[in-house]
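Worksheet: one structure, shown below.
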Amino acid sequence: QVQLVESGGGLVQAGGSLSLSCAASGSIFAINGMGWYRQAPGKERDLVAAITSGGSTTYADSVKGRFTISRDNAKQSVYLQMNSLKPEDTAVYFCNANMRTRMLGPYLPHWGQGTQVTVSS
């Protein structure tokens with residue numbers, strides 16, 4: 001059994017900063033891509049940022065220049081530093097990781113439970 005546990009999030013005023021962390025645990029053989037998604041009420045879950053095992057990053061246009069994704073492979077963790085937050089960043093943020101639980105097994109997506117980020121104007 002594997003799981004992703006998120007921490008961070010909360011309430012912040014516009015222009016402020018928050019940091020999210022996500023740690024993978026359990027029977028993990030390898031982790032490939034990791035990322036953060038968000039889902040606002042009544043909207044679909046969208047990619048915020050992603051990072052490969054080699055450190056290549058991808059960002060949604062709406063967060064470029066404000067958010068930074070990073071990972072620590074030794075700690076099986078991914079992080080999201082969010083600066084210059086805007087009210088439209090308000091959403092539940094989900095951690096995602098493609099993980100292999102056995103040597104020749106497939107990489108499968110796993111999700112964290114989500115953490116609320118609320119930005120007040």
When you scan region 1-61 for strands (runs of 3 or more DSSP E) that lie fully inside it, which ones turn up with 3 or more residues that are of a type in the set (Ser, Thr, Tyr) and touching a strand residue (DSSP E or B) at 6+ places or on another chain (Cβ under 7 Å)? 18-26, 57-59
So, of the residues in region 38-64 that are surrounded by 10 or more Cβ atoms within 10 Å (Cβ to Cβ) and charged (D, E, K, R), which turns out to be farthest from Pro109 (Cα to Cα)? Lys64
Residue in region 22-44 that is farther than 23 Å from Val2 by Cβ and of a type in the set (D, E, K, R) present: yes
Just wondering, is there one or more residues in region 74-81 that are in contact with a helix residue (DSSP H, G or I) (Cβ under 6 Å, 6 or more places away or on another chain), surrounded by 12 or more Cβ atoms within 10 Å (Cβ to Cβ), β-branched (Val, Ile, Thr) and modelled with pLDDT of 95 or more? no
Could you tell me whether any residue of region 14-25 is farther than 19 Å from Ala74 by Cα, open to solvent by less than 60 Å² (accessible area, probe 1.4 Å) and in contact with a Phe, Trp or Tyr (Cβ under 6 Å, 6 or more places away or on another chain)? no
Any idea which of Ala97, Ala24 is out of contact with any Cys (no Cβ under 8 Å at 6 or more places or on another chain) and aliphatic (A, V, I, L, M)? Ala24
Working only within region 93-121, note down all residues that are assigned to a strand (DSSP E or B), closer than 19 Å to Pro41 by Cβ and out of contact with any Phe, Trp or Tyr (no Cβ under 9 Å at 6 or more places or on another chain). Thr118, Val119, Ser120
Which listed residue, of Ser70, Ser84, is among the small types (Gly, Ala, Ser), open to solvent by less than 80 Å² (accessible area, probe 1.4 Å), part of a loop (DSSP other than H, G, I, E, B) and at pLDDT 95 or above: Ser84
Does region 87-121 hold any residues that are open to solvent by less than 10 Å² (accessible area, probe 1.4 Å) and of a type in the set (Asp, Glu), and which are they? Asp89
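The values are calculated or read from the model by the stated rules, or taken from the named source; none is laboratory data. These numbers come from a predicted model, not from an experiment. Note that each Cβ is placed from the backbone with ideal geometry, even for glycine, and that neighbours are counted across all protein chains shown. Just so you know, the surface numbers come from the protein's heavy atoms only, side chains and all, with ligands and any DNA or RNA stripped out. Shrake-Rupley method; radii C 1.70, N 1.55, O 1.52, S 1.80 Å.
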